[in-house]
Amino acid sequence: MINELNIVQKIKELKEKKNAVILAHFYQVSEIQDIADFVGDSLGLAENAAKTNADIIVFAGVHFMAETAKILNPHKKVLLPDLAAGCSLADSCPASDFKLFKAKYPDHKVISYINCSAEVKALSDVICTSSNALKIVESFPENEKIIFAPDKNLGNYVNNLTGRNMILWNGSCHVHNQLSAEKVIELKLQNPDAKVIAHPECQSPILVLADYIGSTTGLIEFVKKDSASKYIVATETGVLHQMKKDCPDKEFLIVPADETCSCNDCPYMKMNTLDKLYRCLDTEKPEILLSDEIIEKAKFPIIKMLEISKQAKLI
Ligand code: 13P
Ligand code: SF4
């Protein structure tokens, strides 16, 4: 049995020896965030995956994220420490059902949130993440007919911001969707000096109460720059690790779900452990494998997103 210090050392040695890179999402457990070469939100991770020189990408995140890295790097080995690390939002949109849905709107463009399977990406015109959804939607003419999938909360949020009327797939993330607006109000009444910050995967009753809405990176950057000293945080608990590192003197109150569940941990994100990370680097398994056809079809909408995002950053 090797202890945590030993595992960290062994992971570092294997990484060096195999020219591997560890990309981790902010919802990963703290120990994994601390050992990763890059920690980011979905967009930052896709951007990093697109430009890495490593031979092996170990994706400390969930399945759709590792698939995105594989689509961008078909000739590299992409590993996911636990293949069962899925996503309730991606699961809410099976490709076969989505294909039938899409066929009902033949004159519509399809914008898919990155939290979907490679097969759904292959059926899309462009991908977006929570940090660039607005820019991606606005890259289409105002009168363009659009299907937005699979997150109805993010789609609804962008519809409200833009005045558009995108057709929404009825999917959601079970972690964000269960967060309670009543709890936000309760916390705000107890802490009137605290600002409310929320991820756009939350339902609109929470978003209307928010002082700031953004992706995980957006939320982390906001609290770094903002002058308040207390925040009511409506998202997954993983972000608190970086927030506390950046702002040790600030206070963060996580918004719980309803009375029956106080769990804000994404069970899929939290499937990855240091031990699984070590074993996956050592054995080079489990590996993400996709057909050439899916890679070919799914690559175009992802590249299109990365290009639009890059242009938006240059402006
Ligand atoms: P972002 O990484 O875009 O903030 O999305 C959060 C999320 O739920 C990832 O699964
Ligand atoms: Fe999916 Fe939600 Fe977990 Fe993100 S937090 S991976 S959207 S289930």
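We did not get these values from a lab; they are worked out from the coordinates using the rules stated. It should be emphasised that the depicted structure is a prediction, and the values quoted were computed from it without experimental measurement. Ideal geometry is used to build each Cβ from the backbone, glycine not excepted, and the neighbour counts take in all protein chains shown.
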- [ ] Output ³J(HN,Hα) for region 218-226: one whole-Hz value per residue in order, computed from phi by the Karplus curve 6.51 cos²θ - 1.76 cosθ + 1.60 with θ = phi - 60°, and x for Gly and Pro.
- [x] x, 5, 5, 5, 4, 5, 5, 8, 6
Task: Fraction of the pair-distance distribution of region 220-306 above 18 Å, Cα-Cα pairs, percent - done: 66
Task: Listed residues ASP125, ASP107, ASP226, most fluctuating in the chain (Gaussian network, C-alpha, under 10 Å) - done: ASP226
Open item on the list: Under 5 Å between amide hydrogens, which residues at least 5 positions from LEU168 or on another chain qualify, with H placed 1.01 Å from N in the peptide plane?
Closed with: PHE148
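Take every DSSP beta bridge with both residues inside the chain and express the antiparallel ones as a percent of the total, to the nearest 5. Kindly include the intermediate steps, with their values, before the conclusion.
Working: 2 of 33 bridges.
So the antiparallel bridges amount to about 5 percent of the total.
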Task: Dipole of region 60-101, positive end: most advanced residue of HIS75, SER88, VAL62 [Cβ charges, Cα centre] - done: HIS75
Task: Selected from LEU274, GLN203, LEU219, residue furthest toward positive end of dipole (region 176-315; charges at beta carbon) - done: LEU219
Task: Whole-Hz couplings from phi, Karplus 6.51/-1.76/1.60, listed for region 285-299; x for Gly and Pro - done: 8, x, 9, 7, 10, 9, 6, 4, 5, 5, 4, 4, 6, 7, 5
Task: Distance between region 110-136 and region 233-300 - C-alpha centres, whole angstrom - done: 19
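List the equivalent ellipsoid semi-axes of region 28-186 in whole Å, largest first, each obtained as the square root of 5λ for an eigenvalue λ of the Cα gyration tensor.
Values: eigenvalues 147, 81, 46 Å².
Working from the Cα gyration tensor, I get semi-axes of 27, 20, 15 Å.
Do any GluC sites (Glu not before Pro) in region 143-190 lie in a loop, going by DSSP, with at most 15 other beta-carbon atoms within 10 Å of their beta carbon, and if so which? Let's see the in-between values first.
Details: sites: GLU144, GLU182, GLU186; in loops: GLU144.
Counting only loop positions with at most 15 other Cβ atoms within 10 Å, the GluC sites (Glu not before Pro) in region 143-190 are GLU144.
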TODO: Using a 10 angstrom cutoff on alpha carbons, build the Gaussian network for the chain and name the most mobile of GLY163, GLY40, GLY214.
DONE: GLY163
Task: Projected label distance in nm at SER227 and LYS313, using a 7 Å step from Cα toward the beta-carbon - done: 3.0
Task: Choice from LEU240, LEU43, LEU290 with maximal GNM fluctuation in the chain (Cα, 10 Å cutoff) - done: LEU290
Task: Residue-wise HN-Hα coupling along region 122-137, computed from phi with Karplus coefficients 6.51, -1.76, 1.60 (Hz; x: Gly, Pro) - done: 5, 9, 10, 8, 7, 9, 9, 10, 5, 8, 10, 3, 4, 5, 5, 5
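Over the chain, consider all pairs of different Cα atoms and compute the Kirkwood hydrodynamic radius from their mean reciprocal separation; express it in Å, one decimal. If you can, show how the numbers build up before the last one.
Details: mean 1/r = 0.0499 Å⁻¹.
For the chain, the Kirkwood estimate is 20.0 Å.
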